1. Determine whether the range 122-142 contains at least one residue that is surrounded by 10 or more Cβ atoms within 10 Å (Cβ to Cβ) and either assigned to a loop (DSSP other than H, G, I, E, B) or modelled with pLDDT of 80 or more (or both).
2. Could you count how many residues in the range 31-45 are outside any helix (DSSP H, G or I) and either out of contact with any strand residue (DSSP E or B) (no Cβ under 7 Å at 6 or more places or on another chain) or of a type in the set (A, V, I, L, M, F, W, C) (or both)?
3. Quick check on my filter: what residues within the range 82-94 are exposed (fewer than 12 other Cβ atoms within 10 Å of the Cβ), at negative phi and either touching a Leu at 6+ places or on another chain (Cβ under 6 Å) or not hydrophobic (A, V, I, L, M, F, W, C) (or both)?
4. Within the range 15-65, can you find the residues that are modelled with pLDDT of 80 or more, of a type in the set (Ser, Thr, Tyr) and within 26 Å of residue 81 (Cβ to Cβ)?
5. Write out, first by first residue and then by second, each pair whose Cβ atoms fall under 8 Å of each other, whose residues are 6+ apart or on separate chains, and whose first residue, in the range 84-107, is in contact (Cβ under 8 Å) with a residue 60 or more places away in the chain while the second is assigned to a strand (DSSP E or B).
6. Return yes or no: is residue 108 hydrophobic (A, V, I, L, M, F, W, C), at pLDDT below 85, out of contact with any His (no Cβ under 7 Å at 6 or more places or on another chain) and surrounded by 14 or more Cβ atoms within 10 Å (Cβ to Cβ)?
7. I'm trying to understand the selection: among the residues of the range 54-71, which are part of a strand (DSSP E or B) and surrounded by fewer than 14 Cβ atoms within 10 Å (Cβ to Cβ)?
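The values are calculated or read from the model by the stated rules, or taken from the named source; none is laboratory data. The structure presented is a predicted model; accordingly, all values stated were derived computationally and were not measured. Here the Cβ is made from the backbone with ideal geometry for all residues, glycine too, and neighbour counts use every protein chain on show.
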Amino acid sequence: MSRSRTLVFVLCTSLAACSVPTRFNAYKIDVQQGNVLSQEMVAQLKPGQSRDQVRFILGTPLLTDIFHQQRWDYVYRYHDGQTGSVEQRRFSVFFDQNNQLERVAGDVGAAAPEDLSAPSSKNRVVDLGSLGEGDAAKPMPAPEGQGFFGRMRDWVGL
């Protein structure tokens with residue numbers, strides 16, 4: 001009798017393990033694919049730039065079509081693993097017959113003329129833990145002796 005109870009207990013617990021409650025979801029990663037274009041990158045584009053200059057500014061295009069050789073497509077897709085939302089952007093660059101930049105189209109807009117005329121500082125100061133007057137006068141601590149792995153390496157003879 002106890003054998004059948006044990007068998008029923010094991011069967012019930014194994015079936016219960018198959019139905020995981022929804023509050024214990026598996027971790028889903030964020031997936032980012034394609035070219036990330038910022039407004040600053042697009043603002044650097046000017047009509048008449050060569051293909052090399054455009055590639056230097058925006059990077060290598062994700063799509064180059066042999067049937068539309070005068071067009072480069074930059075596609076970006078972001079899938080949020082937690083919420084499941086998808087963000088997608090498309091930006092196209094068009095060249096003329098002389099391989100000079102003619103026009104652009106897509107989700108990331110070109111800069112306004114007033115944005116181009118005003119100089120902007122792109123420098124940023126980051127404090128990495130500056131020393132105070134009292135801390136600068138203190139001597140550096142002596143280096144510690146060998147650690148565990150260093151002693152093992154010496155013991156083995158490496």
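1. As a first pass, look at the range 122-142 and keep what is surrounded by 10 or more Cβ atoms within 10 Å (Cβ to Cβ): none.
Taking every residue of the range 122-142 in turn, none turns out to be surrounded by 10 or more Cβ atoms within 10 Å (Cβ to Cβ) and either assigned to a loop (DSSP other than H, G, I, E, B) or modelled with pLDDT of 80 or more (or both).
2. So in the range 31-45, the residues outside any helix (DSSP H, G or I) come out as 31-38, 44-45.
Then keep just the ones that are either out of contact with any strand residue (DSSP E or B) (no Cβ under 7 Å at 6 or more places or on another chain) or of a type in the set (A, V, I, L, M, F, W, C) (or both); that gives 31, 36-38, 44-45.
Residues that pass the stated criteria total 6.
3. Of all residues in the range 82-94, those exposed (fewer than 12 other Cβ atoms within 10 Å of the Cβ) come to 82-87.
Going one step further and asking which of them are at negative phi, we end up with 82-83, 85-87.
Result: 82, 83, 85, 87.
4. If the condition is that a residue be modelled with pLDDT of 80 or more, of a type in the set (Ser, Thr, Tyr) and within 26 Å of residue 81 (Cβ to Cβ), then 38 is the only one that fits.
5. Hits for this filter: 104/91; 104/92; 104/93; 104/94.
6. Numbers: hydrophobic (A, V, I, L, M, F, W, C): yes; at pLDDT below 85: yes; out of contact with any His (no Cβ under 7 Å at 6 or more places or on another chain): yes; surrounded by 14 or more Cβ atoms within 10 Å (Cβ to Cβ): yes.
Considered against the rule, which asks whether it is hydrophobic (A, V, I, L, M, F, W, C), at pLDDT below 85, out of contact with any His (no Cβ under 7 Å at 6 or more places or on another chain) and surrounded by 14 or more Cβ atoms within 10 Å (Cβ to Cβ), residue 108 comes out as yes.
7. So the first thing to find is which residues in the range 54-71 are part of a strand (DSSP E or B), and the list is 63-64, 71.
Residue satisfying the conditions is 64 alone.
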